[in-house]
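The values are calculated or read from the model by the stated rules, or taken from the named source; none is laboratory data. Small disclaimer: the values here were computed from a predicted structure and weren't measured. Don't worry about glycine lacking a Cβ; one is built from the backbone with ideal geometry, like all the others, and counts go over all protein chains shown.
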Amino acid sequence: MSNIVWKIKTFDEFTVSEIYQVLKARIDVFVEEQNCPYPDLDDYDQKALHLWAEEKGLVLAYCRIFNKGIKYDETSIGRVLTTEKGRGKNLGRQLIQYAVETIENRFHTSEVRISAQDYLLKFYSEFGFEDTGKKYLEDDIPHTEMVKK
């Protein structure tokens, strides 16, 4: 029996425990697993909507969502992750589905731009994201900008 709870909050709505668990998940996945020391605390968390799945207080999947004009001209989704404990439960698909629905409901647009790690291009294309051809290395990891109209 799964006790997974989905949450969506602004920065100011976080409890101390929640922000700790979210930051821990981001560091576990991006810094530890992907061996990618990067400036995670980039002063954008305060401007984001935070969407995550948790079970017993542990973050299983997470992303942050931005209205247009913050990261890109379009709305955007970033810091997308599934933690080790969350893998194999289809949470990544649910996460992106919920993120896209959140953008449509709260920001009244279906236009979304993301910076995808290249190995996930096929995954994101399932949600209608298209490769813009803009490719670059970010923290030594190949990325491609993708857009959904």
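Summary table below
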read-out	value
Tally of residues being charged (D, E, K, R), at pLDDT 95 or above and loosely packed, with under 15 Cβ neighbours inside 10 Å across the stretch 123-148	4
Members of the stretch 92-116 found to be under 12 Å from the mean Cα position of the chain (by Cα) and of a type outside the set (D, E, K, R), listed by number	Gly92, Gln94, Leu95, Ile96, Gln97, Tyr98, Ala99, Val100, Ile114, Ser115, Ala116
Enumeration of residues in the stretch 50-87 that are surrounded by fewer than 21 Cβ atoms within 10 Å (Cβ to Cβ) and among the hydrophobic types (A, V, I, L, M, F, W, C)	Leu58, Ile70
Complete set of residues in the stretch 1-52 that are within 28 Å of Asn105 (Cβ to Cβ) and acidic (Asp, Glu)	Asp12, Glu13, Glu18, Asp40, Asp42, Asp43, Asp45
Pair list, Cβ under 6 Å, 6 or more apart: the stretch 87-115 residue of a type outside the set (S, T, N, Q), other residue in a helix (DSSP H, G or I) and buried (at least 19 other Cβ atoms within 10 Å of the Cβ)	Val112/Ile103
Contacts under 9 angstrom Cβ, first residue in the stretch 51-78 being on the phi > 0 side of the Ramachandran plot and of a type in the set (Asp, Glu), partner at pLDDT 95 or above and crowded, with 16+ Cβ neighbours inside 10 Å, 6 or more apart	none
Scan of the stretch 28-55 for residues that are over 12 Å from Ile77 (Cα atoms) and hydrophobic (A, V, I, L, M, F, W, C), ordered by number	Val29, Phe30, Val31, Cys36, Leu41, Trp52, Ala53
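Matching residues to (1) under 15 Å from the mean Cα position of the chain (by Cα); (2) of a type in the set (Phe, Trp, Tyr):
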| residue | (1), (2) |
| --- | --- |
| Phe14 | no, yes |
| Glu18 | no, no |
| Val22 | yes, no |
| Phe30 | yes, yes |
| Asp45 | yes, no |
